[in-house]
Structures are given as C-alpha cells and as structure tokens.
C-alpha cells in the first residue's frame, strides 16, 4: 500500500470550488482503487493536506491525473493557488 500526500496552501475564496471538485473526483477514483482524503489545518485555514491511499505508484497516479478531466481540474486549482506543493510518497511496511 502507498500513501501519497500533497501539502499546499489555498486562498479562502478558492477553497469551496476546490473541495467540490475533490468530491466529484472521489467516487470515480475509489472505483479505480484510490482512496482520497482532504484535511484542512485547524490553526492555519489556508493549509491543506490531501492524502491518497492506493496500491498504485506515483507514476500511475500521475498518469491518472493526466488522463482524467476531473483530476486535471483539481490539480489545476492547486497549481493556480501559486502555493508551494510538497509531495510525499510512503510505502507501507507493516
């Protein structure tokens, strides 16, 4: 199992559309073996942590993002936030 995370900031006025886009993506990706969770920092409301739990690799996730229209919309919103994005990939060992 892989845990892939994206840590980024997003302005308050862009957050509602972003969360809605994630909700639209969530079910279709679940059927493809990818669980998505989204967290907002309680002390810094513009900071988000997006979590993907999957058997897929980062390369496979990247390919899914490039091929799925809804996924591209989500990641364009992250890119448009002009925030630094920190990506981590962790492999489950236990």
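The values are calculated or read from the model by the stated rules, or taken from the named source; none is laboratory data. The model shown is predicted, which means the values in this text are computed figures rather than measured ones. A quick note on method: Cβ atoms are made from the backbone with ideal geometry, for glycine too, and the neighbour counts reach across all protein chains shown.
Any residue at all in segment 20-28 that's over 16 Å from residue 81 (Cβ atoms), assigned to a strand (DSSP E or B), touching a helix residue (DSSP H, G or I) at 6+ places or on another chain (Cβ under 6 Å) and modelled with pLDDT under 95?
Checked against the condition, which is being over 16 Å from residue 81 (Cβ atoms), assigned to a strand (DSSP E or B), touching a helix residue (DSSP H, G or I) at 6+ places or on another chain (Cβ under 6 Å) and modelled with pLDDT under 95, segment 20-28 yields no hits at all.
Considering only residues that are touching a residue at least 24 places away in the same chain (Cβ under 8 Å) and touching a helix residue (DSSP H, G or I) at 6+ places or on another chain (Cβ under 7 Å), look in segment 68-94 and name the one that is surrounded by the fewest Cβ atoms within 10 Å (Cβ to Cβ).
89
Could you please find all residues in segment 39-58 being free of Cβ contacts under 8 Å to residues at least 40 places away in the same chain and surrounded by 15 or more Cβ atoms within 10 Å (Cβ to Cβ)?
Matches in segment 39-58: 46 only.
Answer with yes or no whether residue 65 is under 24 Å from residue 14 (Cα atoms) and either modelled with pLDDT under 95 or loosely packed, with under 13 Cβ neighbours inside 10 Å (or both).
yes
Against the definition (modelled with pLDDT of 85 or more, closer than 13 Å to residue 26 by Cα and touching a strand residue (DSSP E or B) at 6+ places or on another chain (Cβ under 7 Å)), how does residue 38 come out, yes or no?
Yes, satisfied.
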